[in-house]
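Notes for the one structure printed next.
The values are calculated or read from the model by the stated rules, or taken from the named source; none is laboratory data. Keep in mind the model is a prediction, meaning the values are calculated, not measured. Don't worry about glycine lacking a Cβ; one is built from the backbone with ideal geometry, like all the others, and counts go over all protein chains shown. The area values use the complete protein model at the heavy-atom level, side chains included, leaving out ligands, DNA and RNA. Shrake-Rupley method; radii C 1.70, N 1.55, O 1.52, S 1.80 Å.
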Amino acid sequence: MAQTLAESFLADLDELSDDEPIAEEEEAQEEDKGGDDLDDIEALNYDDLTAVAKLSSTAGYKDIMQRVRAALEKKDMEEDGPQAKVPLEDDPTYKLLVQCNRLAVDIDNEIAVVHNFIRDKYRLKFPELESLVHHPIDYARVVQRIANEMDLTLVNLDDILPAATVMVVTVTGTTTTGKPLSEENLQKALDGCTMAFQLDEDKRDILSFVESRMSSIAPNLSLIVGSEIAAKLMGLAGGLHALSRMPACNVQVLGAKKKNLAGFSTATLQPHQGFISHCHVIQQTPPSLRVKAARLVAAKCTLLARVDAYGQDPSGQQGQRMREDILRKIEKWQEPPPAKQVKPLPKPDEGEGRKRRGGVRLRKMKERYGLTDMRKAANRVNFNQVEEEYIDGDEVVGLGMLGKEGSGRLRIVAKQQKMKLSAKAAKKAKAYGGASTTSGLQTSGLTTSLAFTPVQGFELADPTKLPGQSQAGLDPKSGTESYFSSLSGFRSIRKLG
């Protein structure tokens with residue numbers, strides 16, 4: 001039985017009512033989970049420094065720092081690095097270097113957390129200080145030096161900050177809206193400063209240890225950029241193998257930071273300046289070539305990192321060769337461009353011996369573009385005679401020798417230029433009736449084979465035949481003619497006997 005529209009609506013409402021309890025249960029579970037997360041966040045005590053910064057209290061941190069300090073204090077420690085037979089990944093010194101590089105990154109993050117803790121506590125005393133001093137360690141030193149002092153003219157900050165920043169901090173501190181801190185909050189801020197100093201000191205120990213071992217772990221890379229920058233590159237990349245797999249364009253920008261110009265011009269801002277830009281090779285390069293030199297050094301660093309990662313050259317000879325190659329290229333860039341040499345003109349008779357192109361096409365082109373007799377006459381001028389001229393628009397055109405030869409005619413009749421043929425071609429043309437192309441007998445172009453005489457009327461005659469030529473085709477100079485004929489010429493007489 002078919003349901004009505006109202007019954008179908010009621011059935012849909014029943015299904016929705018059945019689904020509602022399930023949805024309500026899911027929402028309740030999500031709220032419980034969200035409540036647990038909020039409870040965890042609320043349980044975190046931001047007033048306790050040890051709850052916020054936990055890195056220095058971990059066992060791994062203490063173990064690595066103990067090994068690093070022991071390696072620094074041990075003067076007779078082998079500095080030759082891994083042997084050739086031991087792979088780089090299995091060497092304990094390299095493993096410690098990788099752990100130190102990772103720990104250095106963690107220390108930077110921990111210093112940022114401690115810096116935020118100090119700002120939160122000291123903001124009630126000097127809220128403008130965080131916008132004037134951006135570096136975390138400098139901020140902690142200033143906080144430790146000022147403490148609860150309200151008159152900043154009594155506090156000496158010259159050994160911590162530049163003179164311009166000291167003046168700005170002093171003037172701003174006299175007009176600040178902050179109030180002195182309680183003993184508890186001040187002590188927490190000072191504890192945070194002490195922890196930041198300790199973390200910074202541990203980081204310096206790690207970097208000094210890495211730099212002392214970089215000459216043995218990566219000798220070729222250290223020869224180009226130095227041990228300090230090589231350690232920073234390897235630490236930021238995550239190891240020597242990770243650095244060797246990185247393209248040169250990424251190695252160039254490792255360590256680049258966004259600069260805060262504070263409203264100054266960006267004309268002198270040079271982007272993509274990482275750790276490589278601070279090496280000695282690039283610093284001694286002129287500023288106009290530093291970007292180009294940084295690309296070159298980054299490309300060489302990538303190649304040398306691959307050499308060091310697989311121990312192909314422990315002596316560092318490839319690094320020394322590439323360093324010399326880089327310095328030689330930079331010196332080549334600084335050389336002035338070669339002077340433009342003036343090419344002398346060729347000798348006048350030098351081109352006469354060359355073989356010229358010939359043929360029908362060249363002859364026709366010469367006839368088409370050659371000077372006519374009229375143009376040649378117009379280009380000539382008689383000596384001690386005034387040249388006739390006429391005005392063509394704004395130009396005065398001279399007639400030269402046109403009409404000067406006594407004929408009184410302005411136009412000069414062009415002579416018919418006959419094409420010279422070879423002997424073979426002329427003989428062939430004469431056989432086909434082309435005698436007009438040679439210098440022999442010529443017939444007019446109006447000559448016809450029909451002749452009109454008053455006696456016989458129209459007569460058909462051959463125009464190529466002479467008037468005295470016989471009908472039988474005999475030569476008029478043959479022996480049949482008279483000896484005294486006007487057509488006879490000299491004859492050779494052979495002597496008999």
**OP:** Could you pull out every one of the helices (runs of 4 or more DSSP H) wholly within the range 274-355 that has 2 or more residues that are over 20 Å from Pro247 (Cα atoms), among the hydrophobic types (A, V, I, L, M, F, W, C) and open to solvent by less than 100 Å² (accessible area, probe 1.4 Å)?
**Re:** 317-334
**OP:** Would you check if Asn101 is open to solvent by 30 Å² or more (accessible area, probe 1.4 Å) and part of a helix (DSSP H, G or I)?
**Re:** no
**OP:** Mind counting the residues in the range 238-254 that are open to solvent by 20 Å² or more (accessible area, probe 1.4 Å) and under 21 Å from Ala293 (Cβ atoms)?
**Re:** 8
**OP:** Being over 51 Å from the mean Cα position of the chain (by Cα), modelled with pLDDT of 85 or more and more than 20 Å from Arg123 (Cβ to Cβ) narrows it down to one of Leu154, Leu223, so name that one.
**Re:** Leu154
Subject >> Pairs with Cβ under 8 Å, 6+ apart, first in the range 217-243 and acidic (Asp, Glu), second assigned to a helix (DSSP H, G or I) >> reply: Glu228/Leu207; Glu228/Glu211
**OP:** Can you tell me which residue within the range 159-173, out of those that are in a helix (DSSP H, G or I) and in contact (Cβ under 8 Å) with a residue 12 or more places away in the chain, is nearest to the chain's Cα centre (by Cα)?
**Re:** Thr165
**OP:** From Ala147, Ala189, grab the single residue that is open to solvent by less than 70 Å² (accessible area, probe 1.4 Å) and touching a Lys or Arg at 6+ places or on another chain (Cβ under 7 Å).
**Re:** Ala189
**OP:** Residue by residue through the range 103-154, note down the ones that are in contact (Cβ under 8 Å) with a residue 60 or more places away in the chain and either closer than 19 Å to Ala51 by Cβ or of a type in the set (S, T, N, Q) (or both).
**Re:** Ile107, Glu110, Ile111, Val113, Val114, His115, Phe117, Ile118, Asp120, Lys121, Tyr122
Original post:
Which ones in the range 192-227 are of a type in the set (A, V, I, L, M), open to solvent by 20 Å² or more (accessible area, probe 1.4 Å) and touching an Asp or Glu at 6+ places or on another chain (Cβ under 8 Å)?
Top reply: Leu207
